[in-house]
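Accompanying notes for the structure given below.
Every number in this text was worked out from the coordinates using simple rules, so none of it is lab data. Just so we're clear, the structure is a prediction, and the values are computed from it rather than from any experiment. Backbone-built Cβ (ideal geometry, glycine too); neighbour counts: all protein chains shown.
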Amino acid sequence: MRVLLCDDNTLLLDVLCEVVDAEPDMRVVGTATDPGTAIELVLRHGPDVVVLDVRFPGGGHRVAREIARRAPDSRVVAFSAYGDQGSVDGMKRAGVFAYVLKGVTNREFLDALRRAGHRSDAPR
């Protein structure tokens with residue numbers, strides 16, 4: 001499973017890269033800290049899953065919509081420190097497949113990516 005990681009926190013990106021790349025069935029194809037790079041990498045690599053910070057520069061919901069429009073085969077997993085209903089609803093309306101709170105265990109995070117990467121699963 002090809003994974004693109006998008007967050008403006010470079011330290012978090014480094015940790016997420018280690019977590020994802022340690023899995024035999026996953027590979028990080030790129031990281032992005034801004035919307036332009038995120039879209040460019042989505043178009044270049046066609047990742048199965050895009051992990052996207054909800055408070056990503058330019059607005060996570062806007063970037064999620066753009067990814068859905070330009071790369072409909074890539075599923076977006078929203079990743080956020082904010083679990084309020086407004087944030088969750090906004091990202092779901094933007095077409096994200098799943099919404100995961102920062103602070104979950106690595107296993108829970110990876111399980112969400114696997115669910116997103118399996119095309120037979122229904123959105124959560």
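The table that follows gives values for the structure above.
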{"item": "Gain in span if fully extended, Asp8 to Arg69, counting 0.36 nm per residue against the direct Cα distance", "result": "19.7 nm"}
{"item": "Pairwise label distance in nanometres, Glu40 with Asp111, each label 7 Å out on the Cα-Cβ vector", "result": "3.7 nm"}
{"item": "Residue of Asp73, Asp53, Asp84 that the Gaussian network model of the chain assigns the largest fluctuation, springs spanning Cα pairs under 10 Å", "result": "Asp84"}
{"item": "Stretchable slack from Asp25 to His118, in nm (0.36 nm times residue separation minus alpha-carbon distance)", "result": "32.3 nm"}
{"item": "Cα centroid of region 41-57 to Cα centroid of region 1-30, whole Å", "result": "11 Å"}
{"item": "From phi via Karplus (6.51, -1.76, 1.60), per-residue ³J(HN,Hα) for region 73-78 in Hz, x at Gly/Pro", "result": "7, 8, 9, 9, 10, 6"}
{"item": "The chain: most fluctuating residue of Arg107, Arg27, Arg55 per GNM, C-alpha cutoff 10 Å", "result": "Arg107"}
{"item": "Size descriptor, Kirkwood hydrodynamic radius, that averages inverse alpha-carbon separations across the chain, Å", "result": "13.9 Å"}
